[in-house]
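The values are calculated or read from the model by the stated rules, or taken from the named source; none is laboratory data. In this text, all values refer to a predicted model and were calculated from it rather than measured experimentally. Here the Cβ positions follow ideal geometry from the backbone for every residue, glycine too, while neighbour counts run over all protein chains shown. The area values use the complete protein model at the heavy-atom level, side chains included, leaving out ligands, DNA and RNA. Shrake-Rupley method; radii C 1.70, N 1.55, O 1.52, S 1.80 Å.
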Amino acid sequence: MKDEQLDWIVTSGLDRAIETANTVAKYHENTPFLSDSRLNEISWGEQDGVNISEAKSVVDKVAHGWMNGDFDAKIAGGESANEAKARILEAFTDILKVARERNYRKIAVCIHGRIMRVIMGTLVSKDLSKMHHFPHTNCCYHQIRVELDDDAESAVDPEQLTFEPIRIDVRGHLADLGKL
């Protein structure tokens, strides 16, 4: 990604995503940078901050519910897939509006895994039940193309646009991490 021309770097408000976005920004000086908490990882409620091996059975139960179409399933105090979908649709509507207004064509969005899967299921496949079909490795990236209408009066509705996957779960750049 360091050799790509980027017009904008957008990240969630979470430290690890911001760190990743800052690493990307090192190669793209003067590129506008936005942190948007609506892109934060899905809330696992009572399981947030719990060691993954301890939380796994509870998280897996909810994820299994999502795989079976229960997108309202959630952990106590947490967020359902439908709730996450609603906030990412709101965020992407705003991101796409700004992209069109400022003629941004290449945007890096730095986020965490489960919310990435919600985004991919919602925007790419248009079917939240398919979020599990998108592989995801830490620090990977997905390259997605979306064509925006240049007409400033037309609505920017992510659910009505086509998000075309170009490359999924790209990891080749990770070999260079030790060289930073």
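Data table
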quantity: Convex hull volume of the chain per residue (C-alpha atoms, cubic angstrom); calculated: 119
quantity: Rounded to the nearest 10 Å², the accessible area of TYR141 at probe 1.4 Å; calculated: 40
quantity: Interchain or long-range residues, amide H under 5 Å from PHE33's placed H; calculated: ILE9
quantity: Simple label model, 7 Å out from Cα along Cβ direction - ASP149 to THR93, nm; calculated: 1.6
quantity: CD proxy at 222 nm, helix term only [per DSSP H run n ≥ 4: -39500 (n - 2.57); per residue of the chain; nearest 500]; calculated: -10000 deg cm²/dmol
quantity: Relative contact order for the chain, counting Cα pairs under 8 Å that sit 6 or more residues apart, in percent; calculated: 22
quantity: Crossing angle, helix 81-102 versus the chain [Cα axis fit, 0-90 degrees, rounded to tens]; calculated: 0
quantity: Exposure of SER129 as accessible area (Å², to 10), given a probe of 1.4 Å and all protein chains; calculated: 40
quantity: Inter-label distance, nm, simple model (7 Å from Cα along the C-beta direction), ASN82/LEU34; calculated: 2.8
quantity: Solvent-accessible surface (1.4 angstrom probe) belonging to ILE119, in square angstrom, nearest 10; calculated: 10
quantity: Candidate lysines for bridging to LYS106, where Cα separation is under 20 Å - those fewer than 8 sequence places away on the same chain excluded; calculated: LYS2, LYS26, LYS97
